[in-house]
Amino acid sequence: MATITSGVVFTTPPTLPRGRHVLSRDEVTAAQRERMLIAATELLAGEGYRGFGVREICARAAVSRAAFYECFADKDACVYAAYDRFIAVFLAHLAESGADGEDWPGCVRGFVASYLGTLQRDLVAARAFQVEMDALGRAARERRRAALTELAGFVRTLRSERFPGTAGSVPFSAYLGAIHALRQSASDALDAAPEPDLTSLVDELSTWLCRMVEA
């Protein structure tokens, strides 16, 4: 089974020492929690939501069931926590690089490149949360809608701050539609091939996504 790329969304903790050690209980719990988030992500990407449970998460993370239930109420809570981390990292990366570009089309291209580039850096996490996450049902869809609405708001605010004369009467739904289209294009590419080159989509997607939010 494929593994996440450490340092993008999650960071693989060092192996905990056996026997007596100087690590605090909080440090041990934090390392175990990170391993469980990683395990849930890898299992979701590789097996699909119905293909694993708490037992598989614990086995892959090398933690006890007691340690699992100290951190999470159930499998869904663990997967949702991993998804929330994925979205937080996504927003942080976009905030850092999404403002690139001397004009609005250049800014859109910078945003699209950052979005797809973040996915490309960890295809396992991307596949887990762009493709397989919806199988969790209504609660997962609600989280997805909230995340996409936040991304659309980020783009609209970016435009109004950097290029106030270009905003015109573009409705928020146009930005939201563009974000949905970008996400679906990336999700389809991830679902169609095990090792897609998402960055090859930047030029084409940037062109028509920019037109979707023209004044």
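The values are calculated or read from the model by the stated rules, or taken from the named source; none is laboratory data. As the structure is a prediction and not an experimental result, all values here were calculated from the model. Every residue, glycine as well, gets a Cβ built from its backbone with ideal geometry; the counts of neighbours run over all protein chains shown. Ligands, DNA and RNA are stripped out before the accessible areas are found, and what is left, the full protein with its side chains, is counted by its heavy atoms. Shrake-Rupley method; radii C 1.70, N 1.55, O 1.52, S 1.80 Å.
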Checklist entry - What helices (runs of 4 or more DSSP H) completely inside region 82-168 contain at least 1 residues that are at pLDDT below 85 and surrounded by fewer than 17 Cβ atoms within 10 Å (Cβ to Cβ)? => result 138-162
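Yes or no, residue by residue, for (1) farther than 25 Å from Ala193 by Cα; (2) outside any helix (DSSP H, G or I):
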position: Thr5; (1), (2): no, yes
position: Met36; (1), (2): yes, no
position: Glu42; (1), (2): no, no
position: Ala66; (1), (2): yes, no
position: Tyr69; (1), (2): yes, no
Next on the checklist: Can you tell me which of (1) within 16 Å of the chain's Cα centre (by Cα); (2) surrounded by 12 or more Cβ atoms within 10 Å (Cβ to Cβ); (3) of a type outside the set (A, V, I, L, M, F, W, C) is the one Gln184 doesn't meet?
Outcome noted: (2)
Checklist entry - Does Tyr80 qualify as being out of contact with any Asp or Glu (no Cβ under 8 Å at 6 or more places or on another chain) and of a type in the set (Phe, Trp, Tyr)? => result yes
Checklist outcome for this item: In region 49-81, anything closer than 20 Å to Asp134 by Cβ and open to solvent by less than 10 Å² (accessible area, probe 1.4 Å) is listed as Ile57, Cys78, Val79
Checklist entry - Would it be correct to say that Ala59 is assigned to a helix (DSSP H, G or I) and farther than 18 Å from Arg183 by Cβ? => result yes
Item to check | region 176-205, residues that are aliphatic (A, V, I, L, M) and not in a helix (DSSP H, G or I) | outcome: Ala193
Next on the checklist: Among the numbered criteria (1) closer than 18 Å to Cys78 by Cα; (2) in contact (Cβ under 8 Å) with a residue 24 or more places away in the chain, which one does Arg138 miss?
Outcome noted: (2)
Checklist entry - Does Gly46 count as surrounded by fewer than 15 Cβ atoms within 10 Å (Cβ to Cβ) and farther than 28 Å from Phe154 by Cα? => result no
Checklist entry - Ala59 fails exactly one of the following numbered conditions: (1) within 30 Å of Gly153 (Cα to Cα); (2) modelled with pLDDT of 90 or more. What is the number of that condition? => result (1)
Checklist entry - Would you call Tyr115 closer than 28 Å to Pro14 by Cα and of a type in the set (Ser, Thr, Tyr)? => result no
